[in-house]
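Since the structure comes first, as structure tokens, the remarks are kept for the end.
Read-outs throughout are calculated quantities, based only on the coordinates presented, and are distinct from any laboratory measurement. Keep in mind that what you see is a predicted model, and the values were worked out from it rather than measured. Here the Cβ is made from the backbone with ideal geometry for all residues, glycine too, and neighbour counts use every protein chain on show.
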Amino acid sequence: MTAPSDILSDFVARFRPQAAEGLRAIYQLHLTGDDSGTWHITVAEQQCRLATGPTDSPSVTITMSVDDFEGLIAGSLDGVSAYLAGRIHIAGDMSLVTRLPSLFELQPQG
């Protein structure tokens, strides 16, 4: 299994500034399972910054297992199906979650 910090570094490296025009948001990711932890990604002024630990005021918090997050990034897990199955929990502004595929070039399932 890949370490969460490596998965998150890969995720942030996919950031597409042009897709973030006008967006100011903090995505908090709480990953469970082996090497669990909390990270947050700040998107502002068409830039993206990853930090370890929780933030006081996330725009949205996404909770899932490390394995599911890795599958989502790799394109082997469909986020909508995982959410509907209860494998992903979201608190906060749901519309921000729908922007993730364009912001971070997530691969389609398959």
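Could you rank the peptides 58-66, 13-21 by their average count of other C-beta atoms within 10 Å per residue, with the highest value first?
58-66, 13-21
Please list log₁₀ I(q)/I(0) at q = 0.15, 0.23 Å⁻¹ for the range 11-110, using the Debye equation with identical point scatterers on the alpha-carbon positions.
Those come out to -0.56, -1.42, one per q.
May I have the pair-distance distribution P(r) for the range 14-56, computed from all Cα-Cα distances with 10 Å bins from 0 and rounded to whole percent?
All Cα pairs, binned at 10 Å, distribute as 29, 45, 22, 4 percent.
For n ≥ 4 DSSP H runs only, could you compute -39500 (n - 2.57) per run for the chain, divide by its residues and tell me the 222 nm figure to the nearest 500?
-7500 deg cm²/dmol
Once you have the Cα-Cα distance between V12 and R49, take 0.36 nm times their residue separation minus that, and quote the gain in nm to one decimal.
12.5 nm
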